[in-house]
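All remarks here apply to the structure that follows.
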Amino acid sequence: MTRIVLIGAPAAAAVSLVLGVGLGGEDEVPLADRPQAVRQAATPAPNPLKAGSAAEQRALDERIDTLPPGLADPAKKEIAARLVASAEHSTLNWRGRYGAIEDLGDGNGYTAGIIGFCSGTNDMLQLVEAYTATHPDNGLARYLPALRQVDGTDTHEGLDPGFAAAWVAEAKKQAFRDAQDAARDRIYFDPAVRLAKMDGLGTLGQFIYYDAMLLHGPGLDEHGFYGIRRAAMQQARTAAEGGDEKVYLNAVLDASRSVMKTRLSTAQRDTSRIDTAQRVFLRDGNLDLTAPLEWQVYGETFRIPAA
């Protein structure tokens, strides 16, 4: 199950709820608007969580830096990686998926790597461009023109034959595995965790944001992560606004589930990653995402024992 699209576009300015200022409508802490119907050149998007005056930004950074690491704690981040792998790859061994690549028939072209970077949703292009900038002689560099051409589509034109084999070969190198980790963090993990902290959410809430951003992409419309967040905020207040964290997170899961049922392809509409995983942790009050954990995805049971 992979995100929808991730075409780069200018980001709107953000004002942190942590600073006590909430914005409504399209101005709510967006990353970048990446609508499926609009294809633009793949350029690094500005960081939307760095906005306002320098003094406001320093205050925000200092406030967030004083918060517990939450999902960014190495042990919790490992749990997050295993949870994602259970939904994306039906395994807990996420480190064994760097070389995975296939076309799932979901309209996103090739899906590959630890989180399912897609040739049709821009994140694969961002990954290969960043990797090539530091390793210009890598085996995927020759496919960059084709990746730019197919971005936003499901075609393999210019990629076949050879791209899949090149990906598998490159994934045997530590440098490319490190590049996948870095792209995951830069595009999805770090922004999701930071925003969740701004919304006053604990470790489970940070994971719920992260998983939703992976699945739906950081788009502003109703089908993207920020649209889902906006829909949830219309139903419940965030913890930073004085709301009940569990009530708000249930609203986020409701909104994400609704998009899965209406937006994704029929093959992707299994909502067990919410129904029998995240919702279970929330119902149990495990807001710190503390092991032992037991959950089901696609009918298969997974467990992480206590440390």
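In this rough spin-label picture, where each label sits 7 Å from Cα along the Cβ direction, the Asp154-Arg269 distance is 1.6 nm. For region 94-179, taking Cα atoms only, Rg and Dmax work out to 11.5, 32 Å respectively.
Amide H to amide H, with H built 1.01 Å from N, Asp103 comes under 5 Å of Thr111, counting only residues 5 or more places away or on other chains.
Short-range pairs are left out: with C-alpha atoms under 8 Å and at least six residues apart, the relative contact order of region 200-269 is 26 percent. Computing FRET efficiency as 1/(1 + (r/R0)^6) for Thr91 and Glu222, where r is the C-beta to C-beta distance and R0 is 30 Å, gives about 0.40. Applying 1/(1 + (r/R0)^6) with R0 = 30 Å to the Cβ-Cβ distance of Asp190 and Ala75 gives a FRET efficiency near 0.95. Around the amide H of Phe117, modelled in the peptide plane, lie the amide H atoms of Ala112, all under 5 Å away and 5 or more residues distant in sequence or on another chain. Computed packing ranks the peptides 172-184, 61-73, 81-93 as 81-93, 172-184, 61-73, most packed first, by mean other Cβ atoms within 10 Å. Modelled this way, with points 7 Å down the Cα-to-C-beta line, the labels at Glu102 and Val280 are 2.4 nm from one another.
Spin-label model, Asp244/Ala306: points 7 Å from Cα along the beta carbon direction are separated by 2.9 nm. For Tyr143, the shell of other residues with beta-carbons less than 13 Å away shows a net charge of -3, using +1 for Lys and Arg and -1 for Asp and Glu.
Hull surface divided by four, with the convex hull built on the Cα atoms of region 182-307: how many nm²?
7.9 nm²
Of all lysines in the structure, the ones whose alpha carbon falls short of 27 Å from that of Lys76, not counting any fewer than 8 places away in one chain, are Lys50, Lys172, Lys173, Lys197, Lys246.
Count Lys and Arg as plus one, Asp and Glu as minus one, and take only other residues whose Cβ is under 13 Å from that of Gly299; the net charge is then -2. Look at the alpha carbon pairs under 8 Å that are at least 6 residues apart: their mean separation over the length of region 94-179 gives a relative contact order of 30 percent.
Coordinate-derived values only; no laboratory data. Every value quoted in this text rests on a predicted model; they were computed, and no experiment measured them. A quick note on method: Cβ atoms are made from the backbone with ideal geometry, for glycine too, and the neighbour counts reach across all protein chains shown.
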